Amino acid sequence: LVSEEIEAASMGLADIVGQIAASVAARAAKGENFGLVLVPEGLIEFVPELKVLIRGLNEIFAARDAEFKALTDRDERVEFIADRLEGASADLFRSLPQEIQLQLLWDRDPHGNVQVSRIETEKLLVSMVRDRLTSMAAAGAYSGKFDYQTHFLGYEGRCAFPSNFDADYCYGLGL
């Protein structure tokens, strides 16, 4: 998946899930019950309805952060936010798996923005693709086996081996 292409095509979350599920089903029809999906770290910022949801969350936190932080129960926190979101954003937020909802509610960065690298987008997609494939199987459109393993590369994925300068510099800092 390429975030900029998803944004340019205005692909929604359902479109992305549909594309992945269709690919899994097509491969399964050929007996290829294996594959790999690479999910960019900041993908959720490029999906139109998720971008709107994140903007709404940021506005709520900017205006009602003290009230939110006074709540200690996770379910109360989720409902507090869901009740203050508007229209489609509220529906989308309520439809997300609870772990993703909670990750969207974690502390903001110093600028008040959601920390997208901490949101397990790959697990959100797996959950939604699994549900879509289950529906497709019930309709007779999918007969494969879906299993998954996720891995978040994070800093590992954007780092190179340290140079001699890096090693010497860090050694010096350690001293």
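The phi-based Karplus calculation (6.51 cos²θ - 1.76 cosθ + 1.60; θ = phi - 60°) puts the 3J(HN,Hα) values of the stretch 164-170 at 4, 4, 4, 5, 5, 4, 5 Hz, whole numbers, x for Gly and Pro. Candidate cross-link partners of residue 123 among the lysines, defined by an alpha-carbon separation under 24 Å and a same-chain spacing of 8 or more, comprise 51, 145. Considering only GluC sites (Glu not before Pro) in DSSP loops that have at most 12 other Cβ atoms within 10 Å, the longest stretch of the chain without any of them is 87-175. For the stretch 1-121, the alpha-carbon radius of gyration amounts to 1.20 times the rule-of-thumb value 2.2 N^0.38 Å expected for a compact globular protein.
For the chain, with all protein chains in place and a probe radius of 1.4 Å, 53% of the accessible heavy-atom surface sits on carbon or sulfur.
The label-point distance for residue 9 and residue 102, in a model that sets each label 7 Å from Cα toward Cβ, rounds to 3.3 nm. GNM remark for the chain: springs join alpha carbons under 10 Å apart, and the peak mean-square fluctuation among 164, 33, 113 falls on 164. With Rh defined as the Kirkwood radius, the inverse of the mean 1/r over Cα pairs, the Rg/Rh of the stretch 61-107 is 0.93.
Heavy-atom accessible surface of residue 170, to the nearest 10 Å², is about 80 Å², with a 1.4 Å probe and all protein chains retained. Taking every Cα-Cα distance in the stretch 1-57 and sorting them into 10 Å bins from zero, the calculated P(r) comes out as 22, 45, 24, 8, 1 percent. 3J(HN,Hα) along the stretch 61-73, derived from phi through the Karplus expression 6.51 cos²θ - 1.76 cosθ + 1.60 where θ = phi - 60°, amounts to 5, 5, 8, 10, 4, 4, 4, 4, 5, 6, 7, 10, 7 Hz, with x in place of Gly and Pro.
By the Cα gyration tensor, the stretch 65-170 has an equivalent ellipsoid whose semi-axes, rounded to whole angstrom, run 32, 28, 10 from largest to smallest. Other residues with beta-carbon under 9 Å from the beta-carbon of residue 150 carry, at +1 per Lys or Arg and -1 per Asp or Glu, a net charge of -1.
The values are calculated or read from the model by the stated rules, or taken from the named source; none is laboratory data. Note that the structure is predicted; figures quoted are calculated from it, not measured. Reconstructed Cβ throughout: ideal geometry from the backbone, glycine too, with neighbour counts over all protein chains shown. Ligands, DNA and RNA are stripped out before the accessible areas are found, and what is left, the full protein with its side chains, is counted by its heavy atoms. Shrake-Rupley method; radii C 1.70, N 1.55, O 1.52, S 1.80 Å.
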